[in-house]
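Below: one structure, written as C-alpha cells.
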C-alpha cells in the first residue's frame, strides 16, 4: 500500500517517508478500511514534531515500534473483515476516529486495520473528504458540549468558532437547541460561523460586556474554550454559578495559573478534554449522534485545503501555520 510514515520526530520535511508498505490484515474484531481521505489535526503535528512524548509512551503497546503512520481521522470503504465482525460488511462506507490512540498506524495510508468500534457509518450524502473532517474536531466538540448533560435552552459560549473544533461546536450546540455565542478574530471568520446566534469579534468588542448584554446579565452556562490559559480572566467573569468551562487546548499558555477563588465562589466546573482517552461510552455516543446528524445534511464541513498523500509535509506545515480556516485533508485517492 502507498503510505506516509516517520521513524523519528522532527520537522515534517525532515522526517516523513513516502512509499510502499505491506497491506495490513485484520485481526479478530477488526476491519480493514480502504481509505480515500485522511484528516490532519494539530495533535498529529504535535506528535510528529516531538511536542510531548505521546508516541514513545505508547511503546509498550507495540514493542517493536518500527514506524509511525500518522493521523487519527479518515474515511473510506470497508474492504475486508476479521472474525467476529457483524456490524459492518465489505463495501460499507465509514468514517474512522481515534485511529492513533495507543496504536502506531493511522490513516495516512491506502489501508488501515482498526477495531470495528472505532469506525462509524458514513451516509451516502457525505463525501469521504467531509467524513475525514469529523473524528477529532467533531467528537471533541460533542464531548465539550455534552460532558455535563443536556444543553437545550442553555447559554453557550464557543471561543474561536471558526476553528475546526469551534465550527462543529457551534453547529452541534445549535442542533442541541442552545443559545450560541461565539468569538472570532475577523469578519472573514465571522462568515464561517453565521449559524451562531451571536458573533463577537473580540478584536473590536469587549467580550465580557457583550456576553453579559446578550444574556441579560446572567452569563453563560458553558464555555467551550480553545485557549484556556489566555481566557481565564474573561471566563470567570461571564460564567454562571455552577457553570462549566470545557477546554481542549491552551497553546497560548500551556501551563496556566488560574483565578481559583473567583471560580470557586461561583462553584465552577473545569473540565479538560482530550478526546482520545475519553470514556468509550462518550466516544460511542458522540459517533452515533454525529452520524445521525450527517443523515439529515445538518452539518457544514469547512475544508480549508486539500493535499495529495505525497505532499503530507505540506499539509502539516499548513496546519502548523495557524492560517487555515477549517480542516486540512489529505486525498489518498480521487475515487
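The values are calculated or read from the model by the stated rules, or taken from the named source; none is laboratory data. Note that this is a predicted model, so its numbers are computed, not measured. Glycine gets a Cβ as well: all are built from the backbone with ideal geometry, and neighbour counts include every protein chain shown.
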Residue satisfying all of: in the stretch 33-52; touching a residue at least 40 places away in the same chain (Cβ under 8 Å) and part of a helix (DSSP H, G or I); surrounded by the most Cβ atoms within 10 Å (Cβ to Cβ) among these: 44
Among residues of the stretch 64-101, those that are modelled with pLDDT under 95 and more than 19 Å from residue 42 (Cβ to Cβ), counted: 10
The stretch 285-300, subset modelled with pLDDT under 95 and within 15 Å of the chain's Cα centre (by Cα), residue farthest from residue 176 (Cα to Cα): 300
3 or more residues closer than 21 Å to residue 326 by Cβ and under 18 Å from the mean Cα position of the chain (by Cα): qualifying helices (runs of 4 or more DSSP H) within the stretch 101-202: 128-131, 135-146, 164-175
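Quick one: which of 25, 30 is modelled with pLDDT of 95 or more, more than 22 Å from the chain's Cα centre (by Cα) and loosely packed, with under 14 Cβ neighbours inside 10 Å? Break it down into steps so the answer makes sense when it comes.
On the way: 30 fails: loosely packed, with under 14 Cβ neighbours inside 10 Å.
Residue meeting the stated conditions: 25.
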Entirely in the stretch 221-335, the helices (runs of 4 or more DSSP H) that have 2 or more residues that are free of Cβ contacts under 8 Å to residues at least 24 places away in the same chain and farther than 21 Å from residue 164 by Cα: 260-265
